[in-house]
Every structure is written in C-alpha cells, then in structure tokens.
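The values are calculated or read from the model by the stated rules, or taken from the named source; none is laboratory data. Please read all numbers here as calculations on a predicted model, not as lab measurements. A quick note on method: Cβ atoms are made from the backbone with ideal geometry, for glycine too, and the neighbour counts reach across all protein chains shown.
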Amino acid sequence: MASTKYIFVTGGVTSSLGKGIISASLGKLLQARGYTVTIQKFDPYINIDPGTLNPYEHGECYVTDDGAETDLDLGHYERFLNITTSQDNNVTTGRIYFNVITKERKGEYLGKTVQVIPHITDEIKRNIFLLGDKGEYDFVITEIGGCVGDIESLPFIEAVRQAKWDIGPHNSVVIHLTLIPYLKAAKELKTKPTQHSVKQLLEAGIQPDILVCRTEQKLPDEIRKKLALFCNVANNSVIEALDAETIYDVPMFMHKEKLTERVLTKLKLPSKTQPDLEQWKNFLLKLKNPSDEVNIALVGKYVELQDAYKSIMESFIHAGAENDCKVNLKWIHSEDIETQSAEKLLEGVDGVLVAPGFGERGLEGKIEAVKYVRENKIPFFGICLGMQCAVIEFARNVLKLKKASTTELNEKTPHPVIDLMEEQKTIINKGGTMRLGSYDCHLTRGSKVSQIYHTANIQERHRHRFEFNNKYLDDFEKAGMHAVGINPDSNLVEIMEIKDHPFFIGTQFHPELKSTVANPHPLFVSFVKAVLKHKQG
Ligand code: GLN
C-alpha cells in the first residue's frame, strides 16, 4: 500500500463501552486480510503514564518490551493481533503537555505564545503520525480515550479534525462507538443519546463515518435507519455490537456486521477478498467446547477489581483453550488468608497462582498460601511478588530463617532474602523508575522451565524494584529451591523452581504480558496442564 491509512475510534454516551476491544477486533480483521496494523491509545488524563496509578483507579498497568508503563487496552491490542507495542502506542495528556513544556523551556518556540491550538494539537498529531511514518503499517488505529464532550478530550478531538485535513480525503475513517440503551418499561431501544453524542462530534467539526452501536438487544431495521438519518451516516454504516459471551467473539461479530468492508470501502480499498480467520475460529471452538475444567485460586489483594489482573485472566483463557480445559478462577483476597486460613480458603482448588503486587498489605496472606501449596504439593505459580513470597516462605519454613522477609515489608529484617536492587537504592522519583521492560534470561539446562520453553534463552517483561538476594542462593540451592533462570548481564535471579513438586515455579518477570491468542504463554499452558493432571489425580 502506498501510504498508511488512519482509523480514529471515538466514544460517546458512556465510558467502558469497549473501544479497546472494538479497535483490537477491527485490527484483527484487517490483519486477517493481509494488512499490517498497529493500534495506539490516547488517554486524556494528566499523569505522564499509568505507572503511578493505583490498580483500583485504572486496572492493570501493562508493560511493553521497551519498558513503557501503559494502559491495559494495549494488552488487548497485543493479545488480539499478536504484535508488540511500545511507548509510542500510548500517549497521555500529561505526556503531550510535558513534551510541549520541555520544548518551550528549551526555547524551541522562538518567543511565540504557546497555546492549546496549535502547539498542543500539533504535538498530538505528531504522535498520531509517528507510527505511520515508521513505514511499517498499512493501518494505524488511534483510540481516543474518554467520551466525546469531555472537557479533557477536546484537544484530542480537535487534533483528529485537523489530522483528517492533513491526511487528505479517503485516507482516514472515524468510527464512533456509542450505546443504544434499552428501556425496559417502554420496551424500546433509544437512539437519542447517540444523536446527541454525534451532534457533539459534529460541533467539533467531525462527521463520523461509521457508528458502532453497543446494545443488549438486536437493532431492528427501523432503528438502524433512524440512527443513519439523524446521524448523517449510510444505513449500512450503522454496525450492531451486541453484548458478547467473550471478548474473543467480537471480531467475529464485527466480521458478520461487515465492519471491515465499510472501512475499506470508505478508504477506496478493495473489499471483496475474504479474511483468513481459521486460526481465530479454531481458538474460539476450543474455548467454547472444553472437555474438562479446573479451579485455580488467584491470590491477590486487588481482587475486588478484576481488571487489576487483566493479563493474567486472559493468559488463563489462552492456556485453557490450548489444554481443552476451562479455567475457573477463584478469587481469594490475601488479607482473608491472614484472618481465616489458607487451608480453609484454598481447600479443593486444583492449583494456586500468587499474584504480583506492591506494599505490605496482604503480603503475609500470600506467604501463607505458598506454604499451603508447597506442603500439600498443589501446583503453584508465583508471579513477581508471588515469586518473592515463595522465596520468603521457603526461607522461613525450610531454611528455618524465621524472620526472613523482603525489605519492602520490613526494612530491618535480619534475613533480607528479597532486597531492593542496588540501582534502586538512590532513586527518589516514583514514575517510570522500576526495572521495566524486556530483559534476557538464561535457563538452566535440565530445569523444568527449560523443558517448558524448549530453549535456553528467553526474554520476558519486568516491573519491580526488589530482587532475590544472591547472598542466600547457596542455601536455597542446597535445600531444593533452585534459581533456574538468571539474567546473564546482572546475575539477577529471574526464576525459582522446586523440582520435587508437581509444579512449583516463581518468576520475577511477568509472563502474562506476552501471552496472545496465537501464542499462548508456555508457562501458563504447562501450569494449566499440571493443574489438570493434579485434579485427575
Ligand atoms: N513489589 C515487588 C517489587 O517491587 C513486586 C512487584 C510486582 O509484583 N510487580 O519488587
């Protein structure tokens, strides 16, 4: 294709309509027709990135290979499209202003008054075109976070209006995702909120090309026609997006509704060829027809908001389908383990995952959970803080270092088996200063993990400040907990494993950030396999 085409996805009426899933689904469908696609998200908040946000605020913080702390929608993009994203794929208002203000301080505006238009909008457009200018993509999909009409989204919407002019006709499409509520009392689907949100877009100078309508009921023809008439779009450009049983159905729903055909036609591109969706359909078939099921406890401290563990949940979906097995997650609050008992709360589960996390709250509960699964030979998988808890538990109960801990919990512990990384000790700023992104890891020959990965050298993504304290390594090795994954440059321990156990693996990195539909993560796949085996006795 001669040049990159741009697709803008805006949202109206309410938030949480699933712009990320619609964007990822459209990306998948374009990819299935042989196009190269990337997706970016603009977030209208002032934080430079979501790295400093509490998971309760905004769900999981998704980390890319280049170490960017990003919105969880980037996880959907990677999982659906099997691509990697980067810092360029997630930009916040904070970052836009930061860049503009930095330039201003350097004197780059040559004495001009720096204003929202053109300086902020120019910086937004620079970020839109940055991905297209790489020359790698046929399509750049840009998701505008928030709702049309929000004060904080205005500069982004204005930048889209300008960008459309810069790109010229037939090179961009605007998709507006909206909600068609059903009023039970009136037994009617209502179009008015959508009419109003399109009106707001029009006031900002943008005519949407396509409406994607979230709805709990099928959209009858007369409703489609009404929406088309009042919102100034073609009848066939009113796309129904019914509630789905799983997010992985959405590409198929959008395919049925001919969303890609509409996009391609608007861009004057050939739309007749059929997409190759075989792999996706096979995945769905396996996902929906499992021959067995397992119960896995997810022990964490943010369990009230499951979005905090988005990538872990999705990794279990991929790994379950791969094993022909439904994974039921049982959410266990680690603080409840402290007040009740691991035995009571974990009784009957087939496997346990101890989740990543920060801070002191609920940490002892996680350590209790590890003790229970280690002693009862229940398959265990610990991620980041989960691995650190496994190390502490082993130190306390096997090495008999009763007061062993992490300095994150107790700075004065006599046995800091988990300690702050050397380079972290002088860091004061919280934002973007953890050990972030992809690092090499060398796997020990003959270890369980090397069999699982079928290779000796891997790269995985990180987000932490604390590490295994190598002063204790010999003691652990002698007692049967082995460091089987090591960073070749820094010697940091990345994986701990107990051999004499059905499955006991802890990783300092986050494998959940690299599991996709096309490539379920090997550690999750083999964990689910071990859990299934354990259940079947
Ligand atoms: N709090 C721990 C650390 O900073 C673990 C982080 C995590 O689980 N992502 O090292």
What are the pairs, 6+ residues apart or on separate chains, where a residue within the range 104-117 that is among the hydrophobic types (A, V, I, L, M, F, W, C) has its Cβ under 6 Å from a residue that is assigned to a helix (DSSP H, G or I)?
-> Val114/Glu104; Val116/Pro155
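Mind telling me which of the residues Val263, Val198 ends up being over 30 Å from Gly34 (Cβ atoms) and buried (at least 21 other Cβ atoms within 10 Å of the Cβ)? Give the steps one after another, and end with the answer.
Values: Val263 fails: over 30 Å from Gly34 (Cβ atoms).
Testing whether each residue is over 30 Å from Gly34 (Cβ atoms) and buried (at least 21 other Cβ atoms within 10 Å of the Cβ) leaves just Val198.
Pull up the range 402-450, narrow it to residues that are hydrophobic (A, V, I, L, M, F, W, C) and loosely packed, with under 15 Cβ neighbours inside 10 Å, then point me to the one that is nearest to the ligand (Cβ to nearest atom). If you could, list the steps in order and put the result at the bottom.
Of all residues in the range 402-450, those hydrophobic (A, V, I, L, M, F, W, C) come to 404, 409, 417-418, 420-421, 427-428, 434, 436, 441, 443, 449.
After this cut, where a residue has to be loosely packed, with under 15 Cβ neighbours inside 10 Å as well, the list is 427-428.
Numbers: Ile427: 12, Ile428: 16 Å.
Applying the filter and picking the extreme gives Ile427.
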Here is a list of conditions, (1) within 16 Å of the ligand (Cβ to nearest atom); (2) touching a Lys or Arg at 6+ places or on another chain (Cβ under 9 Å); (3) not β-branched (Val, Ile, Thr), and Asn487 meets all of them except one; can you say which number that is?
-> (2)
Residue that is polar (S, T, N, Q) and within 16 Å of the ligand (Cβ to nearest atom), where the choices are Gln508, Gln536 = Gln508
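Just checking, does the range 280-295 include any residue being at pLDDT 95 or above and either over 24 Å from Val517 (Cβ atoms) or β-branched (Val, Ile, Thr) (or both)? Lay out the reasoning, then the answer.
Step one: filter the range 280-295 for residues at pLDDT 95 or above, giving 280-295.
Subsequent filtering for residues that are either over 24 Å from Val517 (Cβ atoms) or β-branched (Val, Ile, Thr) (or both) retains 294.
Checked the range 280-295: at least one residue is at pLDDT 95 or above and either over 24 Å from Val517 (Cβ atoms) or β-branched (Val, Ile, Thr) (or both).
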Name the pairs: first residue in the range 402-416 and in contact (Cβ under 8 Å) with a residue 40 or more places away in the chain, second residue among the basic types (Lys, Arg) and more than 13 Å from the ligand (Cβ to nearest atom), Cβ to Cβ under 8 Å, at least 6 apart or on different chains?
-> His415/Lys403
Residues in the range 463-476 that are within 17 Å of Ala390 (Cβ to Cβ) and either within 16 Å of the ligand (Cβ to nearest atom) or hydroxyl-bearing (Ser, Thr, Tyr) (or both) total 7
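Go through the range 382-401 and give me each residue that's within 30 Å of Leu532 (Cβ to Cβ), away from the ligand (no atom under 13 Å from the Cβ) and crowded, with 24+ Cβ neighbours inside 10 Å.
To start, the set of residues in the range 382-401 that are within 30 Å of Leu532 (Cβ to Cβ) comprises 382-394, 397-398.
So of that shortlist, the ones also away from the ligand (no atom under 13 Å from the Cβ) come out as 393-394, 397-398.
Answer for the range 382-401, where residues must be within 30 Å of Leu532 (Cβ to Cβ), away from the ligand (no atom under 13 Å from the Cβ) and crowded, with 24+ Cβ neighbours inside 10 Å: Glu393, Phe394.
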Could you figure out which of (1) in a loop (DSSP other than H, G, I, E, B); (2) closer than 30 Å to Leu287 by Cα; (3) in contact with a strand residue (DSSP E or B) (Cβ under 6 Å, 6 or more places away or on another chain) isn't true of Pro208?
-> (2)
Lys125 fails exactly one of the following numbered conditions: (1) touching a strand residue (DSSP E or B) at 6+ places or on another chain (Cβ under 8 Å); (2) under 22 Å from Val263 (Cβ atoms). What is the number of that condition?
-> (1)
Taking the range 325-348 and keeping only residues that are of a type in the set (A, V, I, L, M, F, W, C), over 26 Å from the mean Cα position of the chain (by Cα) and either within 16 Å of the ligand (Cβ to nearest atom) or over 25 Å from Glu408 (Cα atoms) (or both), one is left with Leu345, Leu346
Looking at Val354, is it touching a residue at least 12 places away in the same chain (Cβ under 8 Å), surrounded by 24 or more Cβ atoms within 10 Å (Cβ to Cβ) and within 16 Å of the ligand (Cβ to nearest atom)?
-> yes
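Give Thr178, Thr191 a once-over and let me know the one that is crowded, with 18+ Cβ neighbours inside 10 Å and either over 30 Å from the mean Cα position of the chain (by Cα) or at pLDDT below 95 (or both).
Details: Thr178 fails: either over 30 Å from the mean Cα position of the chain (by Cα) or at pLDDT below 95 (or both).
Selected residue: Thr191, the only one of Thr178, Thr191 that is crowded, with 18+ Cβ neighbours inside 10 Å and either over 30 Å from the mean Cα position of the chain (by Cα) or at pLDDT below 95 (or both).
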